[in-house]
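Enquirer: Have a look at this one before I ask anything.
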């Protein structure tokens, strides 16, 4: 496959491994998660963890596209970055947190964003899922490169 032209800037998420953004201590918030056994996704841009004792799980992935907003959720800031907490955005018993890493102009001159998508899902009350997702997203936000 030919190299992307022009190359993405060094501060892009494309050069990171999603599985390195959460440490074992961070993952303790999800009971039964085996921090040493993540499911690595394509290019290192996706990482999933599952509980061995319940149906709880965590999906972390990088995305590029339209700049997110607070529709269906609430806006906040994590480590100085815009973030959005979206209860049940991905279905029942889910909570999604979007962290804006950086914005850029897409090929059509519109503002687009690189985001970290962190989804916690499972049989827990949605406010609890969102508390877990927000705590995990806060940890991720401290490990993102400065833009």
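Enquirer: What angle, in degrees between 0 and 90 and rounded to the nearest 10, separates the Cα long axis of helix 126-141 from the longest principal axis of the Cα atoms of the chain?
Expert: Taking the Cα atoms of the chain, the angle to 126-141 is about 50 degrees.
Enquirer: To continue, here is another question. Classify segment 91-147: rounded, prolate or oblate, from the alpha-carbon gyration tensor (a ≥ b ≥ c, eigenvalue square roots; a/c under 1.5 rounded; otherwise prolate if a/b is larger than b/c)? Before the final figure, lay out the partial values.
Expert: Values: a/c = 4.65, a/b = 1.86, b/c = 2.49.
It comes out oblate by the Cα gyration axes.
Enquirer: How far, in nm, would the chain grow between residue 14 and residue 111 when pulled straight, counting 0.36 nm per residue and subtracting the alpha carbon separation?
Expert: 33.1 nm
Enquirer: Arranged by the count of other C-beta atoms within 10 angstrom, fewest first, what order do 90, 114 take? Mind dumping the intermediate values first?
Expert: Details: 90 15, 114 23.
Lowest to highest Cβ neighbour count: 90, 114.
Enquirer: Viscosity 1.306 mPa s, temperature 10 °C: Stokes-Einstein D of the chain from its Kirkwood Cα radius, in µm² per second?
Expert: For these conditions, the coefficient is 101 µm²/s.
Enquirer: Given the C-alpha centroids of segment 7-31 and segment 33-92, what is the distance between them in whole angstrom?
Expert: Their Cα centres are 11 Å away from one another.
Enquirer: Here's something else I'd like to know. Quick one: order 12, 141, 123 by neighbouring beta-carbon count within 10 Å, fewest to most.
Expert: Numbers: 12 17, 141 21, 123 10.
If I rank by nearby Cβ atoms, fewest first, I get 123, 12, 141.
Throughout, read-outs are computed from the coordinates displayed, never taken from laboratory work. Note that the coordinates shown come from a computational prediction; the quantities given were computed from them, not determined experimentally. Glycine gets a Cβ as well: all are built from the backbone with ideal geometry, and neighbour counts include every protein chain shown.
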